[in-house]
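Taking it in order: structure first as structure tokens, then the write-up.
The values are calculated or read from the model by the stated rules, or taken from the named source; none is laboratory data. Since the structure is predicted, the reported quantities are computational estimates derived from the model, not experimental observations. Note that each Cβ is placed from the backbone with ideal geometry, even for glycine, and that neighbours are counted across all protein chains shown.
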Amino acid sequence: MASFCINETWTNSQVCELLEEAGLDKTKFKEKGIDGVALKLTDEDLKGMGITDAKERLKYLNVIRNKNQHKVINDPIHGTIKLHPLLIRIIDTHQFQRLRNMKQLGGASFVYPGACHTRFEHSIGVAHLAGEFARALKPSATAMDDKDVLCVQIAGLCHDLGHGPFSHLFEEVFVSAKKHEDISIRLFDYLVEENGLKPLMKLYGLKDIDLTFIREMMNPKETYEGRTDDKYFLYEIVSNSTNGVDVDKFDYFARDCHYLGLQNNFDHRRYLEFARVCEADDGKTHICVRDKEVDNVYDIFQTRYRLHKRAYQHKVTKAVQLMIKDAFFEAKDLHIEGTGKKLCEASEDMAAFTKLTDHLFQQILYSDSTDPKLRKAKEILERIMSRDLYECLLETEVTVSPSAPVHDLKEKIKDLKQTLTESLEGEGVKTPEDLEIMVGKYGWKEEDPIKDTYFYSKKEPTKAFKKSQNFKTHPAHIPQSFIRVFIKNKRRGGQRITMNKDSVKRLKEWCKESGFGLQDDDKQQGEPFNMKMLKMSISNK
């Protein structure tokens, strides 16, 4: 379904550029100085201009109408979404369409069968909310114009372009220091170049500085060039590096909860209603929310915690994802058809990367290759299909020092693998590679998540300030970190493998030596390393 929106602001030169790009004669339009009114010309108008051939008139009308054609789609989360013609042109490219074949939640669908939604609809949802948020801020952000809104929507639409198969799993195996945001920018540039979108963007008034602005919104940096301080708030709409409150989360909270069958307690529409732009003491404009909404802001982080706790970090979800990662690693030398690149090289070549989707799982699973590595990868995926998953031997909540260097943590985990291998030798563990130690987080950082959020009051709606509460006593302050021990070996004779007392003792000692604080007995039900709890958690898998 489509509707037409008349753009009255087009100049005569822009109209002529449009016709020239389509290979049509612009002479009569140039002579008559026709500008934005061209977008509502009729067949009779064209006749009066001396274009006598009916087929030729139809060509003119098609070019003009297609250029200004908005599309309206029906989304299960946001209802009716109206998309700008430039967004439609970006969507209708191979680089964007690949997102149709990439699940938003990766391996979570093996636990929640309904979680099969993709990054395609999520990206469209983010673009929609980015536009809604920008327009909601317009009354308090007079410096913002329509071009700013369009740029924000493009950034929202393209923010996830750089995800590989099963999203973060591919990134963790092959992308190393390069985050998917970095690849998103490279793939965005490749999309624009490969599909010749620069002239079309120019027709909509976008210049090189605007493309820089779009890239900066997709992957925020400490320094920026695309916009000045009076428009800094625009950087907080799509990917908010200041406090994490952005439309990316607004969409995936609502969308993920919908398809997971979970309750979403955060209403982004209320947040948009009470948001406005104010200049803060740092000289920049920021998105501020009404002071009475502080608990609703905390709800954002509580919702994120619940989603991580119940779905994203679900131990069976993580077991499946560990297996997919291992399979991808074994298949790292798989050649990507038509590119001359291996799987492990795809992130360096955007043409090769464009061909990678979740179908890689099936490609490996149904491969008849005799290559030992690929056969091993296939065996791992076959175990997933038959539900012979990696076992979670133990899970406990801990506190982790945010100041601990990442490389030290990796070394400590390596040491733990070695010591557990020795204590679990009788349980069938032969090498450290038979174990996987996972230290993860459920929620935000250790500090108060709203300490970097700006508020305004009813009495002083243009004054930005920050609030401070006793975060330790706030309901949003909940245990956020955990340690899990997985074993990769198959069950012996169908029996589950369990942690023995010696291995539990060694793990407990390792936690204390490594600076991981165990949750106090009075703060949770039961002792974290109680063997009865472990057996219960295993049998309830």
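Is it the case that some residue within region 307-314 is assigned to a helix (DSSP H, G or I) and touching a Lys or Arg at 6+ places or on another chain (Cβ under 6 Å)? Checking region 307-314: not a single residue is assigned to a helix (DSSP H, G or I) and touching a Lys or Arg at 6+ places or on another chain (Cβ under 6 Å). When we screen Val504, Val485 for residues that are of a type in the set (Val, Ile, Thr) and either modelled with pLDDT under 85 or touching a Phe, Trp or Tyr at 6+ places or on another chain (Cβ under 7 Å) (or both), the only hit is Val504.
When Ile209 is tested against (1) part of a loop (DSSP other than H, G, I, E, B); (2) surrounded by fewer than 18 Cβ atoms within 10 Å (Cβ to Cβ), exactly one condition is not met: (1). If you scan region 415-455, which residues turn out to be at pLDDT 90 or above, surrounded by 15 or more Cβ atoms within 10 Å (Cβ to Cβ) and either charged (D, E, K, R) or not assigned by TED's automatic domain parsing to the domain that holds Ser514 (or both)? Result: Lys417, Asp434, Glu436, Thr453, Tyr454, Phe455. The lone criterion from (1) at pLDDT below 95; (2) farther than 28 Å from Asp502 by Cβ; (3) not β-branched (Val, Ile, Thr) left unmet by Lys410 is number (2). The single residue among Lys47, Lys59, Lys55 that is closer than 30 Å to Lys28 by Cα, surrounded by fewer than 18 Cβ atoms within 10 Å (Cβ to Cβ), outside the structural domain of Tyr190 (by TED's automatic domain parsing) and touching a Lys or Arg at 6+ places or on another chain (Cβ under 9 Å) turns out to be Lys47.
Taking Ala331 as the residue in question, decide whether it is crowded, with 20+ Cβ neighbours inside 10 Å, modelled with pLDDT under 95 and within 30 Å of Ser367 (Cβ to Cβ). So Ala331 does not fit the description; no. Just checking, does region 178-197 include any residue being modelled with pLDDT of 90 or more, of a type in the set (Val, Ile, Thr) and farther than 30 Å from Gln14 by Cβ? Yes, because at least one residue in region 178-197 is modelled with pLDDT of 90 or more, of a type in the set (Val, Ile, Thr) and farther than 30 Å from Gln14 by Cβ.
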